[in-house]
Structure formats: C-alpha cells, structure tokens
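Peer 1: Below: one structure in structure tokens.
Just so you know, all these numbers are worked out from the coordinates, no wet-lab data involved. These figures come from a predicted structure and were not determined experimentally. Cβ placement follows ideal geometry from the backbone for every residue including glycine, while neighbour counts extend to all protein chains displayed.
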Amino acid sequence: MRSEASVSQRLLRNREGLTILEVLVAASLLLTVMFGLMQFYVRGRTQLDFEEDRRKATAIAQDRLDGLRRGMTYDQLPALHGTTRAYTVDGRTYTEVDSVWAAQPEAQATLVKATVKWNAKVGAASVQRSVVATTILARGMP
C-alpha cells in the first residue's frame, strides 16, 4: 500500500501548471486564427454587398429595356440616345444611360443598351461600378 500512496503523492507533487510561455503561444495562435477568420468574413461581406448592388442595377437595366419594348415605337428609339435617369434603391443612387444605334446590326434593327452606374465603397475608396444590358429591337412586319 505504501507504494501506491507514494506514487500518487509523487504525481501530485510533479503536477505543474501552464507556464506563461505556453499561454502566450496559445493566445498568439488563437489571435492568428481569429484574424484570418475576420478577414474571410470581411471579404465575403464585401463580395455579398457588391453582388446585391449588381443585382439591383441589373434589375433596373432590364426594367428599362422592357419598358422600351412596351412603350416605344421603333421610330422613337433613336431619340433616346444619351437619355439619363437616376434611380434610388435602398439609399443608393443608380444612374441609367440609354445608348441607341439605329440600323445595327442590320437595316431594320436597332441596338439598344441600358448602362447602369453606381458608386460602391471599396475599403476607404469610392469606386464606380457599372452593368450593361443590351437588346436588339426590330421593325415589325407590315
């Protein structure tokens, strides 16, 4: 019995706590991992914001082209070249510009582009982004 008691007493005596060096190493590893995860989150969030803005700009451009198809006659299209409209969606301003090329790609067709631009904040800078939607409208058969 004496040997079992002396073994347990020796184990208790030899038990040591964590040294300050081990704590510092573990803390620095944890901070490194947390910093990497934070960078991953920030980049993901930035990309998500960009995709959301792009989705809204695409919807504006598509809506504009659909409106032209419904509300304009073929002969009215060339007068739209350079027309600019501003839209505000969820606090962000989007600017839509129409570009019209008559007789492109052929004589009885007109190429129409709706370009939507907006300013996005990337880091500390403001960057202009844009989306272009294109359609070809043709003169109907007589």
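Peer 1: Work out the length of the dipole vector of the chain about its Cα centre, built from +1 on the beta-carbon of each Lys and Arg and -1 on the beta-carbon of each Asp and Glu, and round it to the nearest 20 debye. Intermediate values should be presented prior to the final figure.
Peer 2: Values: 19 positive and 14 negative charges, 75 e Å.
Magnitude of the dipole: close to 360 debye.
Peer 1: Exposure proxy check: R69, R54 ranked by fewest other beta carbons within 10 Å?
Peer 2: R69, R54
Peer 1: Choose one of A61, T110, G71: the residue whose Cα lies farthest towards the positive end of the charge dipole of region 42-113 (beta-carbon charges +1 Lys, Arg; -1 Asp, Glu; about the Cα centre).
Peer 2: So the residue we want is A61.
Peer 1: If I model a spin label as a point 7 Å beyond the Cα along the Cα-Cβ vector, how far apart are those points for T134 and M34 in nm?
Peer 2: 5.1 nm
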